[in-house]
Amino acid sequence: MGEIDDAIERADREAFTHKPPKILKGQINYLMKQLKSTRAVAQELGVSQRSVERYRKGERKHPPKAIADKIDAAVRSRWQPLVRKRRQKQAATATGITVETRAQFGYTAPIGTTDDGRFRRLTVHLPPEYARRLFDAREQGASDQQMRAIVAEGLQEVYFKDGGVRAGNLEVSLNNIDYFDVSF
C-alpha cells in the first residue's frame, strides 16, 4: 500500500459507526462469517486451519504479534462495507475530499519563472470529481504514483491555478511526501 491508499483507508475507518471486535475470539468469529470457512480464514491469515479453530474456541488467546496484526487488518478491511461505500459515494458525488499534506511539489512553468521544487504544507478541499477519480483508481488497483498524479492534478487546479484564474501554464507534480492525510 502506498501513502495515499493508507490515507484513504484511515479516512474510511474514521467513518465506522461501531468499533470492530477487539477480542481475538470475536475477530475470528467475524472473519468466519465473512469468509465462511476455517480454511479460508487460515489462508487469509497465513496460519494453519487448526490454529484458527483454536482461536475460535478460545483455546489459544494470544497469537504472535505478526498474526494478531494480520487478524486485526483483515477484520478492519472488511468492517462496515456499506458505511464505507456510502461515505465514498457521497464524497464522489457531492462533498469532495479534503487533502492535508506536507510534500515537495515540482513545477513546470514558462521560461522566466521558477521551477524549483520545494516543500509546502497544504490543506485543500478538492471537488467531488477528484474524489471519484481517486476512488475509482484505488478500486482498479492503481499504483501510488497514479493516485499521486490525480491528487497533484487536483491541487494544481484548485490551489495553484485557483480554478483557472492564475498560473495558466503551470504543471505541478507531487514528489516527496512527508505527510499525507485525506478526510471525507
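The values are calculated or read from the model by the stated rules, or taken from the named source; none is laboratory data. Because the structure is predicted, anything quoted here is derived from the model rather than measured. Neighbour counts are summed over all protein chains in view; Cβ atoms, including those assigned to glycine, are modelled from backbone coordinates with ideal geometry. Please note that ligands, DNA and RNA were not included when accessible areas were found on the heavy atoms of the full protein model with its side chains. Shrake-Rupley method; radii C 1.70, N 1.55, O 1.52, S 1.80 Å.
For each pair in K22/K85; K25/K89; K57/K85; K19/K89; K61/K85; K61/K89, compute the distance between the two Cα atoms and list the pairs where it is over 31 Å.
Flagged as over cut-off: K25/K89; K57/K85; K61/K85; K61/K89.
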Positive minus negative residues near A142 (Lys, Arg vs Asp, Glu; Cβ under 15 Å): -4
Size of charge dipole - the chain - debye, nearest 20, with Cβ of Lys, Arg +1 and Asp, Glu -1, no other charges: 1580 debye
Carbon plus sulfur fraction of accessible area for the chain, probe 1.4 Å, in percent: 48 percent
The chain: mean projected area of Cα convex hull, nm²: 12.0 nm²
Counted charge near Y130, where neighbours are those whose Cβ lies closer than 10 Å (Asp, Glu -1; Lys, Arg +1): -1
Extension reserve of the R118-T98 stretch, reckoned as 0.36 nm per residue once the Cα distance is removed: 5.1 nm
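For A15 and R39, what does the FRET efficiency come to when R0 = 41 Å and r is the distance between their Cβ atoms, rounded to the nearest 0.05? Walk me through the intermediate numbers first.
Working: r = 31 Å, r/R0 = 0.77.
The pair A15/R39 has a calculated efficiency of 0.85.
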Per residue accessible area in Å² of the chain, where ligands, DNA and RNA are left out and the probe is 1.4 Å: 58 Å²
Spin-label model distance (nm) - I67 vs V165, 7 Å beyond Cα toward Cβ: 5.9 nm
